[in-house]
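Report on one structure; see the data block that follows.
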Amino acid sequence: MAENSLIIKLKISPNASKNEIIKTDTELKIKITAQPIENKANKALIEFLSKKFKIPKSNIEIIKGETSKEKTLLFKNLLSDKMVEIKSFLT
């Protein structure tokens, strides 16, 4: 893994009433309003995280779990301060 990248595992909950991040002791869950059809929830997830952390959508990639609720995301090409911000928020 490159120095300026970060891998995060999370659960996605599509069809939610609003987009939000829920952190528990055991997992990270992200609620997305989009439906899990035709890749809409995945696109919405990347768009939501991109806006939340103010990074380009191209810097976020789903590397595992395209069709699953459990996903592994790769955040790449991050500046160190942005990496610290994402890490502290999502881990």
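The values are calculated or read from the model by the stated rules, or taken from the named source; none is laboratory data. Only a predicted model underlies this, so the values are computations on that prediction, with no experimental measurement involved. Here the Cβ is made from the backbone with ideal geometry for all residues, glycine too, and neighbour counts use every protein chain on show.
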Counting residues that are over 21 Å from Ser88 (Cα atoms), which strands (runs of 3 or more DSSP E) fully inside the range 1-74 reach at least 1?
6-13, 60-64
Residue satisfying all of: in the range 59-73; loosely packed, with under 12 Cβ neighbours inside 10 Å and touching a residue at least 12 places away in the same chain (Cβ under 8 Å); farthest from Ile86 (Cα to Cα) among these:
Glu66
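Being of a type outside the set (S, T, N, Q) and either touching a strand residue (DSSP E or B) at 6+ places or on another chain (Cβ under 7 Å) or free of Cβ contacts under 8 Å to residues at least 24 places away in the same chain (or both) is the filter here; which residues of the range 8-22 pass it?
So the first thing to find is which residues in the range 8-22 are of a type outside the set (S, T, N, Q), and the list is 8-12, 14, 16, 18, 20-22.
Across the range 8-22, the qualifying residues are Ile8, Lys9, Leu10, Lys11, Ile12, Ala16, Lys18, Glu20, Ile21, Ile22.
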How many residues does the range 41-58 hold that are of a type in the set (S, T, N, Q) and either crowded, with 19+ Cβ neighbours inside 10 Å or under 12 Å from the mean Cα position of the chain (by Cα) (or both)?
2
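Just one of Lys31, Lys87, Lys11 is surrounded by fewer than 17 Cβ atoms within 10 Å (Cβ to Cβ) and modelled with pLDDT of 95 or more; which is it? Before you say what the answer is, go through the steps one by one.
On the way: Lys31 fails: surrounded by fewer than 17 Cβ atoms within 10 Å (Cβ to Cβ); Lys87 fails: modelled with pLDDT of 95 or more.
Among Lys31, Lys87, Lys11, only Lys11 is surrounded by fewer than 17 Cβ atoms within 10 Å (Cβ to Cβ) and modelled with pLDDT of 95 or more.
Would you check if Asn59 is under 18 Å from Lys29 (Cβ atoms) and modelled with pLDDT of 95 or more?
Details: under 18 Å from Lys29 (Cβ atoms): no; modelled with pLDDT of 95 or more: yes.
So Asn59 does not fit the description; no.
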